1. Each residue of the range 187-194 in order: what ³J(HN,Hα) in whole Hz does its phi give by Karplus 6.51 cos²θ - 1.76 cosθ + 1.60, θ = phi - 60°, with x for Gly and Pro?
2. Among 207-216, 180-189, how do they line up from the highest to the lowest mean number of other beta-carbon atoms within 10 Å?
3. Given the peptides 222-229, 105-112, arrange them by the average over their residues of other C-beta atoms within 10 Å, most packed first.
4. Whenever you get a sec, line up 37, 50 from highest to lowest accessible area (probe 1.4 Å, protein heavy atoms).
5. Through the Karplus equation 6.51 cos²θ - 1.76 cosθ + 1.60, θ set to phi - 60°, convert the phi angles of the range 50-57 into ³J(HN,Hα) values in whole Hz; use x for Gly and Pro.
6. For 131, 82, 33, give me the order by solvent-accessible area with a 1.4 Å probe, most accessible first, ignoring ligands, DNA and RNA.
Amino acid sequence: MIREAMQYIRDLRSVEVLEIDGKKYTNKRVEPMFEPVRERLNISTLAGLVDYMSENIDGVDIKGTMIHVAGPTDVFVLGPIMGPFKQREEIIFARRNTCKDFSFGHYMDIESFKISLLANFEQYGHRDEIMRYMSSLTQKSEVTTDDDGITQAVTAKMGVARMGEVKLPNPVNLRPHRTFPEVEQPASEFVFRLKTDEERHGNKEINAGLFEADNGAWKLQACVNIKEWPVGRSEERRVGKECRS
């Protein structure tokens, strides 16, 4: 309580400018009075951004706006510099929904890997070859049970068989869904690996994983693709040029 009271008393003092060793200081903390701005619109698609700017229902000065591609999943529409503190109003923030992305750098069982590969990658490069390779692996299991009516003992013997020969290059070239769905997804290289946990846990089940091998170069290409979008309707292309002016 004493500390808060002392702080309150200090805040009551008028602001004074002090000069010490040629440097200017104030005797209390001061806060800038920023210009009032409208509430930022948050969306999840580039199409929504273009539609908003095309309709311009809020009367935005399009010629004074700037699009800032902050990353492969984040885009801002910023207003012109205003006020004595050189503010830029954030008019729109578009962020891609990433709730179902592929889990790179982690191993998963064969079935989960195949489902994620089909759901999160375009039909491009080595995707179908990896699918054929994974489909050539089968899990053989022999399970016996001993049930005495009270407890049940289960013994499972796991084995792995590979049917046929499928050669697969490594690293593999793939095009996963990692940026906004409206733009072309950047292609990049990945290291494809299989392993079992037999040595550590005695589990012979095969797990598969993909590991990024481009040192994040895909992010730069994604930003370029976003900058060059839209490429469809002439009206979209016109609005995009105005927003970037």
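The values are calculated or read from the model by the stated rules, or taken from the named source; none is laboratory data. Note that the coordinates shown come from a computational prediction; the quantities given were computed from them, not determined experimentally. Glycine gets a Cβ as well: all are built from the backbone with ideal geometry, and neighbour counts include every protein chain shown. Ligands, DNA and RNA are excluded from the accessible area calculation, which covers all protein heavy atoms including side chains. Shrake-Rupley method; radii C 1.70, N 1.55, O 1.52, S 1.80 Å.
1. Result, ordered by residue: 8, 7, 9, 9, 8, 9, 9, 10 Hz.
2. 180-189, 207-216
3. On the way: 222-229: 17.9, 105-112: 13.2.
Packing proxy ranking, top to bottom: 222-229, 105-112.
4. Largest accessible area first, the list is 37, 50.
5. Going residue by residue, I get 5, 4, 5, 5, 5, 6, 6, 5 Hz, with x marking Gly and Pro.
6. On the way: 131 30, 82 55, 33 155 Å².
Reading off the accessible areas and sorting them downward yields 33, 82, 131.
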